Amino acid sequence: MAPISLLDLIGSLPSTETWGPPTTTETTLNGVPYAPFSKGDKLGRMADWTAEGKDREGRGGRQQYNQRYRDQIYGAGPGGLQTVFNLEQQNEESSFSLVDRSQTSTRGRGFGARGSAVFRGRGQRGASSQRGGGRGTFQRVGGRGGQQAFDSRGGRGGRGGRRFGWKDYDKPQRNREASVQPKDSWRMLEEIDFNRLSKLNLDTGDGEDIDDYGFLYYYDRSYDKQPGAPTSVRKLNVLDRAAYNVTTSHDPVIQELADKDEGTIFATDNILSMLMCAPRSVYSWDIIMVKQGNKIFIDKREGSSLDMVTVNENAADAPLEISEGNKDQINSPGALKEEATHINNVFPTQVVIESENNKVDCNNEHPFYNASVETDPPASKSYRYRRFDLSVEADAEPLHLIVRTEIDAVVKNNINGEDQLLTIKALNEFDNKAQGSGGALDWRTKLASQRGAVVATEMKNNSCKLARWTTQSILAKADMMKLGFVSRANPKSTAEHVILGVLGYKPREFATQMNLNLNNGWAIVRTFVDMVMREEGDGKFVLVKDPNKPTIRLYQVPKETFEEDDDESSMMPVHEEGDDE
């Protein structure tokens, strides 16, 4: 038989026949072969004939790229092309190699080969508007290191960073009580979380002085020498001085200014600072807002927690209540508040030089002191009434806020000899080894050599308290803020205290270190003022910080709410009696 040529074979085939497997409707779509896949699928591994040898010699650039992204090319995934075409190697020759997946020994900036990063910082979505990322956190999830978190206030954490989730199973559930319990007659108007408040901004000027009352003694500079040194330790003594903490509605000067239409909103620096620093607060508090005509008085109720000084409120492991398992009653939050409040009442009176011949008198007499009734002399204090403009372009009329601020002492400037205004506050150490200390250093041994670390720890554990003090100093336009470091003489007793030293800071610079944005605080005030202004007619409103969540609720309450308390009690002075606690 004669051989058949290829051309003869091709010519003998029908014109409709083609090379390859038979075509059926099960494997074609409109005549085009196809395989089922989804857009979410990703292609499987590809053979990279050039990767063998090149990537191993490199320093990880292309090799790391292959490790991270070669398996994530569009089209791979369960049920996709990888399943249909079965690109996984099966019974391949041992010499055949896919993408090199060996772990590189060189670690990058904390990222694993398969790790992913979630950023919450400056320039990222969800970040705070303040410089430096504000209160955001940097968190890495996955990778070989598991879950790791970094502290948000100083960079990437380290020894001072808190690892979220670490031993959370061993921590008791915090169920704090509200400062005031809402009643059925209260009508809730708004509920705002701190994340929304932190994004607000209102540019307000430095304010203007209206008038001042009282007098000031000069600060004793001897307390500034070598903070933390053994020679600078002094006992905290209690002097019987009449100090006042009069609320807004009982201030006769504010009532007079309101009658003269000098402003629209009226408040005291103690109340206003709490509202401006609300996003930093943890414990529950409440503020009263009274609307009378076109005026609003930001007030407090009798016995309000705003008068108390908190301790380690912002610590990662804050002090426990007795009901939560705290065995040291003197280290419970309530006892620590009373101790800190007592210290801040007596400390400013000790660090001034009382001399009737060497003091600074204000333009007006003391507004609350009555010599015919009081037996104790008044404490050094200047009440400065200042006005701030909270108006925006859309306002038909200007919106002015008048606040009563306080100055504690004056000091001579070493350069030009001018008087500088001071606010004086005190931080207190209870027991650096007790629960709730927040990892604080031993002040007696570290204040002299590591004062920066001591102050940084206090900024972290007492963020809300220090922010309020700084805000009050800026509102009063004080030149300096003096911070005293007061510790227990015996960590197990609150009977005696010692002053370890005093440090001075410029309020504006201290606010920058704390990431404190006053424009955000002014915007918070303006937000709640607008909510009250929208309501028709006069009324009383209460702001309540939720005890367990970062949320504030605004209620409209009956006018007689909280009026069963003795109105005159808020005019009584705060006396400090006895030699010490």
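The values are calculated or read from the model by the stated rules, or taken from the named source; none is laboratory data. This is a predicted model, so every value here is computed, not measured. Heads up, the Cβs are rebuilt from the backbone with ideal geometry, glycines too, and the neighbour counts pull from every protein chain shown.
Looking across the range 552-570 at every residue that is modelled with pLDDT of 95 or more and touching a helix residue (DSSP H, G or I) at 6+ places or on another chain (Cβ under 8 Å), the one that is surrounded by the fewest Cβ atoms within 10 Å (Cβ to Cβ) is identified as Leu554. Kindly indicate whether Ser391 is surrounded by 12 or more Cβ atoms within 10 Å (Cβ to Cβ) and either free of Cβ contacts under 8 Å to residues at least 40 places away in the same chain or outside the structural domain of Gly484 (by TED's automatic domain parsing) (or both). In short, yes. Restrict the check to the range 238-256 and report whether at least one residue is more than 16 Å from Ala379 (Cβ to Cβ), among the hydrophobic types (A, V, I, L, M, F, W, C), modelled with pLDDT under 95 and in a loop (DSSP other than H, G, I, E, B). No, the range 238-256 contains no residue that is more than 16 Å from Ala379 (Cβ to Cβ), among the hydrophobic types (A, V, I, L, M, F, W, C), modelled with pLDDT under 95 and in a loop (DSSP other than H, G, I, E, B). Regarding the range 535-550, can at least one residue be identified that is in contact with a helix residue (DSSP H, G or I) (Cβ under 6 Å, 6 or more places away or on another chain), part of a strand (DSSP E or B) and either within 20 Å of Trp285 (Cα to Cα) or at pLDDT 95 or above (or both)? Yes, there is a match, as at least one residue in the range 535-550 is in contact with a helix residue (DSSP H, G or I) (Cβ under 6 Å, 6 or more places away or on another chain), part of a strand (DSSP E or B) and either within 20 Å of Trp285 (Cα to Cα) or at pLDDT 95 or above (or both). Figure legend. Inter-residue proximity from the range 439-453: first residues free of Cβ contacts under 8 Å to residues at least 40 places away in the same chain and acidic (Asp, Glu), second residues assigned to a loop (DSSP other than H, G, I, E, B) and crowded, with 17+ Cβ neighbours inside 10 Å, beta-carbon distance below 7 Å, spacing 6+ or different chains. Indicated pairs: Asp442/Asn432. Scanning the range 222-237 for residues that are charged (D, E, K, R) and either in a loop (DSSP other than H, G, I, E, B) or in contact with a His (Cβ under 8 Å, 6 or more places away or on another chain) (or both) gives Lys225, Lys235.
Looking only at residues in the range 333-365 that are surrounded by fewer than 21 Cβ atoms within 10 Å (Cβ to Cβ) and small (Gly, Ala, Ser), which one is nearest to the chain's Cα centre (by Cα)? Here the residue is Gly334. Just checking, does the range 178-187 include any residue being charged (D, E, K, R), assigned to a helix (DSSP H, G or I) and within 30 Å of the chain's Cα centre (by Cα)? No, that holds for no residue. On inspection, Ser273 passes the criterion of being assigned to a helix (DSSP H, G or I) and hydroxyl-bearing (Ser, Thr, Tyr). For Gly207, the conditions (1) at positive phi; (2) more than 26 Å from the chain's Cα centre (by Cα) are fulfilled apart from (2).
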